[in-house]
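*Asks:* Dumping the structure here so I can ask a few things about it.
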Amino acid sequence: MRYARGVKAPLLRLVLAAAVLLLAGLAPPAAAEEPAGPVLGFTVGARVSLAFPMGSILSDPGTGPLLIDEMVAVSIPLQLDVGLTVHRRWFVGAYVSYAWDVLQIGQCKVGESCSVTGLRLGLQATYAFRDQGGPWVGLGTGWEWMFTKYSSQDFTIKLDVGGVEYVIFQGGWDVEVSPGWMVGPWASGSVGEFSRATRSTGGATQEIAIPNRAVHGWLQIGVKGSFSL
């Protein structure tokens, strides 16, 4: 058999073999399968945020609604999350949050001591769209309390209100900074209603059901960190 321009068969086979090896070297290696994670894991997390109030504590037919944002400018909650991770993406657990509220200007007069704090606890479930960081969404529900205290040389008044937080919508983005460690931004919005109030003044305490309930909520924006085993 004859070859163009006198190229011999062994030389042609050598050139073809070199081309095949070169193309094989340039081809991307097959992706290694990630080892399957444990079905169940334990997760603990912490969050810090700024929370902005919406809605009212109650709605009085005579004086109108008692708006939370007329009293509180912003709240600074710290939250602890504890629960189980299922298949590395589902988290089911409990949360507890304690907040320090910053009052609006003029709410506390000279010579008075004023404080507003909050406590929230309940259950939550979140879903991560990726195994190792990325977007996540979740829902929660629980109970909420707001503790208010005004005092001066002449009087001390405490008013505590509490009620159900019907739903908490939340979401964020986790970044894996180390195996098992996640850090990232998050935001949430909640809808609740205060139903009970306790008023203390002059050594006397009175607990009542709030007759004219009103819907309120909190918009939170912050940073979240978690560790999973």
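Every number in this text was worked out from the coordinates using simple rules, so none of it is lab data. Computed from a predicted structure; not experimentally measured. Glycine gets a Cβ as well: all are built from the backbone with ideal geometry, and neighbour counts include every protein chain shown.
*Asks:* Does the stretch 154-229 come out rounded, prolate or oblate, given a ≥ b ≥ c as the square roots of the eigenvalues of its C-alpha gyration tensor, rounded meaning a/c under 1.5 and, failing that, prolate meaning a/b above b/c?
*Replies:* Prolate, because a/c is 1.5 or more and a/b exceeds b/c.
*Asks:* Another one. For every other residue with a beta carbon closer than 14 angstrom to the beta carbon of Gly55, add +1 if it is Lys or Arg and -1 if Asp or Glu, then tell me the sum. It would help to have the intermediate numbers written out before the result.
*Replies:* Numbers: positive: Arg213; negative: Asp69, Glu70, Glu144, Glu165, Glu193.
Neighbour charge sum, excluding Gly55 itself: -4.
*Asks:* Also: Roughly how far apart, in whole Å, are the Cα centres of the stretch 160-229 and the stretch 76-113?
*Replies:* With the stretch 160-229 and the stretch 76-113 each reduced to a Cα centre, they are spaced 6 Å.
*Asks:* On a full-extension model of 0.36 nm per residue, what is the gain between Gln104 and Thr141, subtracting their alpha-carbon distance, rounded to one decimal in nm?
*Replies:* 10.5 nm
*Asks:* Counting Lys and Arg as +1 and Asp and Glu as -1, what is the net charge of the other residues whose Cβ lies under 12 Å from the Cβ of Gly225?
*Replies:* Net local charge, Gly225 excluded: -1.
*Asks:* Could you work out the local net charge near Leu103, counting Lys and Arg as +1, Asp and Glu as -1, over the other residues with Cβ closer than 14 Å to its Cβ?
*Replies:* -2
*Asks:* Sticking with this structure for a sec: Putting +1 on Lys and Arg Cβ atoms and -1 on Asp and Glu Cβ atoms, find which of Ser75, Pro61, Ala214 reaches farthest to the positive end of the dipole of the stretch 40-228.
*Replies:* The listed residue farthest towards the positive side: Ser75.
*Asks:* Taking Lys149 as the anchor, which aspartates and glutamates have their alpha carbon closer than 20 Å to its alpha carbon, excluding any fewer than eight residues away along the same chain?
*Replies:* Lys149 reaches Asp69, Glu70, Asp101, Glu112, Asp160, Glu207.
*Asks:* Okay, next question. Please report, to one decimal in angstroms, the Kirkwood hydrodynamic radius of the stretch 69-158 built from all distinct Cα-Cα pairs.
*Replies:* Across the stretch 69-158, the inverse of the average 1/r is 15.6 Å.
*Asks:* What residue among Met182, Tyr166, Gly202 has its Cα farthest toward the positive end of the dipole of the stretch 106-229, where the charges are +1 on Lys, Arg and -1 on Asp, Glu, each on the Cβ?
*Replies:* Value: Gly202.
*Asks:* If we sort 144-153, 54-63, 202-211 on the protection proxy, mean other Cβ atoms within 10 Å, highest first, what's the order?
*Replies:* Listed from highest to lowest mean packing, they are 144-153, 54-63, 202-211.
*Asks:* Still on this structure, please answer the following. Three principal axis extents, largest first, for the C-alpha atoms of the stretch 40-228, in Å?
*Replies:* Between the extreme Cα coordinates on each principal axis of the stretch 40-228 lie 57, 32, 27 Å.
*Asks:* Tell me the trypsin sites (Lys or Arg not before Pro) within the stretch 46-110 that lie in a loop according to DSSP and have at most 13 other beta-carbon atoms within 10 Å.
*Replies:* The qualifying sites are Lys109.
*Asks:* For the stretch 40-228, what relative contact order do you get, as a whole percent, if you take Cα pairs closer than 8 Å and at least 6 residues apart? Walk me through the numbers before you get to the answer.
*Replies:* Details: 549 pairs, mean separation 43.3, N = 189.
Once divided by the residue count of the stretch 40-228, the mean separation gives 23 percent.
*Asks:* Here is a further query. Between Val74 and Arg196, what is the spin-label point distance in nm, taking each point 7 Å from the Cα along the Cα→C-beta axis?
*Replies:* Inter-label distance under the simple model: 3.3 nm.
*Asks:* Moving on to the next point. Which percent of the Cα-Cα distances in the stretch 49-89 go past 11 Å? Spell out each step's value before the answer.
*Replies:* Values: 602 of 820 pairs.
Pairs farther apart than 11 Å: 73 percent.
*Asks:* Work out how much length Ser152 to Ile208 would gain on full extension: take 0.36 nm times their residue separation and subtract the Cα-Cα distance, in nm to one decimal.
*Replies:* Length gained, Ser152 through Ile208: 17.7 nm.
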